[in-house]
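The values are calculated or read from the model by the stated rules, or taken from the named source; none is laboratory data. Note that the coordinates shown come from a computational prediction; the quantities given were computed from them, not determined experimentally. Note that each Cβ is placed from the backbone with ideal geometry, even for glycine, and that neighbours are counted across all protein chains shown.
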């Protein structure tokens, strides 16, 4: 009972309870929770430890403002069930873009105790960006991807064609993606089977003046499912990009060898071209 009551305090804004600070201190908790009958900070600290309440680093948080949040999630879950029960007919993939830079990112690594620190060795060159777009099969862990200097409408069209080549016999490929307008550009939609967006994405008004391309004579059997807005936690492939950066990008030694760095990015992604149970575990699509 004490744990629940303490959590109800520390999860509230201290300002609401009369403390002129943004975070809780041991002194503020002690003053607010006098019913604990503790006289020292050390005693309170020990109690919190026994109750499993610790001083933890926070994380960024943003709640999706999408009023169709639940409906979009249900739509995706239904498509995932179809792929699960009839994999010979349906495939569901999660699509997203990523970027890496020439200059290494700073991260932790092993080094001697003392003043020495791991070094992110930079080059005397511009911090060039290399981009990719990929699609993760939710059931097999297979990754279909392209690497380019930029991700454009034509690159997305190439990726969708590559997706069809990877799954040539299925009736329908569900592509779950965020609401970046380029995902729904008229030139992209022209090569796909007709889309019936239950929850249409927000697109630039200028696109209404574009000359619509003629529909493809052989449309790809791809259905786009847009995620709720501002909800990246619903896209598991985001964790693949995190893994890539942890393995290849953080503190890399290749700022003066840009071609080799790009090659290593491709080598890392190639290990998932035929699917991976380890990847499904890592991104949370397969329980451990």
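A quick yes/no check of all residues on (1) out of contact with any helix residue (DSSP H, G or I) (no Cβ under 6 Å at 6 or more places or on another chain); (2) modelled with pLDDT of 90 or more:
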| residue | (1), (2) |
| --- | --- |
| 186 | yes, yes |
| 197 | yes, yes |
| 202 | yes, no |
| 211 | yes, no |
| 214 | yes, no |
| 217 | yes, no |
| 220 | no, yes |
| 226 | yes, yes |
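For residue 230, the requirement of being over 30 Å from residue 109 (Cα atoms), at pLDDT 95 or above and surrounded by 12 or more Cβ atoms within 10 Å (Cβ to Cβ) is not met. Screening residue 116 on (1) more than 30 Å from residue 281 (Cβ to Cβ); (2) in a helix (DSSP H, G or I) shows it passes everything except condition (2). Once segment 243-258 is narrowed to residues that are farther than 13 Å from residue 103 by Cα and without any contact (Cβ under 8 Å) to a residue 60 or more places away in the chain, the residue that is nearest to the chain's Cα centre (by Cα) is 243. None of 45, 64 is surrounded by 13 or more Cβ atoms within 10 Å (Cβ to Cβ), under 33 Å from the mean Cα position of the chain (by Cα) and not assigned by TED's automatic domain parsing to the domain that holds residue 251 except 64. Residues that are within 27 Å of residue 153 (Cα to Cα) and touching a helix residue (DSSP H, G or I) at 6+ places or on another chain (Cβ under 7 Å) do not occur anywhere in segment 79-88.
Checking the structure you have, find out if any residue of segment 207-224 is loosely packed, with under 15 Cβ neighbours inside 10 Å, closer than 19 Å to residue 69 by Cβ and within 25 Å of the chain's Cα centre (by Cα). Scanning segment 207-224 turns up no residue that is loosely packed, with under 15 Cβ neighbours inside 10 Å, closer than 19 Å to residue 69 by Cβ and within 25 Å of the chain's Cα centre (by Cα).
When the criteria are applied in full, residue 85 fails the requirement of being outside the structural domain of residue 246 (by TED's automatic domain parsing), free of Cβ contacts under 8 Å to residues at least 12 places away in the same chain and either more than 30 Å from residue 263 (Cβ to Cβ) or touching a strand residue (DSSP E or B) at 6+ places or on another chain (Cβ under 9 Å) (or both). Please verify whether residue 140 is modelled with pLDDT under 95 and either more than 30 Å from residue 11 (Cα to Cα) or surrounded by fewer than 12 Cβ atoms within 10 Å (Cβ to Cβ) (or both), treating the condition exactly as stated. Criteria not met by residue 140. Output yes when any residue across segment 26-34 is under 33 Å from the mean Cα position of the chain (by Cα), outside the structural domain of residue 171 (by TED's automatic domain parsing) and not in a helix (DSSP H, G or I), and no when none is. So far as segment 26-34 goes, no, none of its residues is under 33 Å from the mean Cα position of the chain (by Cα), outside the structural domain of residue 171 (by TED's automatic domain parsing) and not in a helix (DSSP H, G or I). The combined condition, being out of contact with any helix residue (DSSP H, G or I) (no Cβ under 9 Å at 6 or more places or on another chain), assigned by TED's automatic domain parsing to the domain that holds residue 118 and modelled with pLDDT of 95 or more, is fulfilled by residue 277.
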